[in-house]
Structures are given as structure tokens and as C-alpha cells.
Amino acid sequence: MEKKEYQLGDVVQMKKPHPCGTNEMEIIRMGMDIRIKCVGCKHSVLVPRTKFESKLKKILRSNAVTEEESS
Ligand SMILES: [Zn+2]
């Protein structure tokens, strides 16, 4: 099982796409609850962390700056 590591600014894919058809959500707030914003329609939702993790499919893009860069 892949470990899910996410942080603020990451773009993630959920198990179910947003009603607008986009399946890319950006993490815009992290705390007890996590606020994610749909990349497609800019609609944001607040979900409890546990719920977010159970619905998270994968991390598409990480905001973190990586040492290694593939060119
Ligand atoms: Zn949407």
C-alpha cells in the first residue's frame, strides 16, 4: 500500500470526480479539516481529514520542491 503524503498546495485525485467532471483538487487549507478546491470549477469544500484520506486516490502534483529534477 502506497503511503499517502500530502501537503498544502498539492493537487490530488479523489476516488470520485467532482460533479463538474474534473478530478483534480488542490489542497488550499490544512488543519483538523482539509479544504480542497476543484481545479475545474474553483468550488471548494471542507472535509474532515479522515474522510479526505479515505477518499484520496493519489497525489498528482506535489507543491514540494524536489532536489532531483528530471529533464
Ligand atoms: Zn468542480
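What follows is calculated from the coordinates using simple rules that are stated; it is not laboratory data. This one's a predicted model, so the numbers in the text were calculated from it and none came from an experiment. All Cβ positions, even for glycine, are placed from backbone atoms using ideal geometry, and neighbour counts span all protein chains on display.
Here are the numbers for this structure:
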item	result
Relative contact order %, segment 11-61, counting alpha carbon pairs below 8 Å whose residues are six or more apart	39
In sequence order, calculated HN-Hα J values of segment 26-39 (Karplus, 6.51, -1.76, 1.60; Hz; x Gly/Pro)	9, 7, 10, 8, 10, x, 4, 10, 10, 9, 10, 10, 5, 5
Cα pair distances of segment 11-61 binned at 5 Å [whole percent]	5, 24, 35, 28, 7, 0
Relative packing of peptides 44-56, 18-30 - highest average C-beta neighbours within 10 Å first	18-30, 44-56
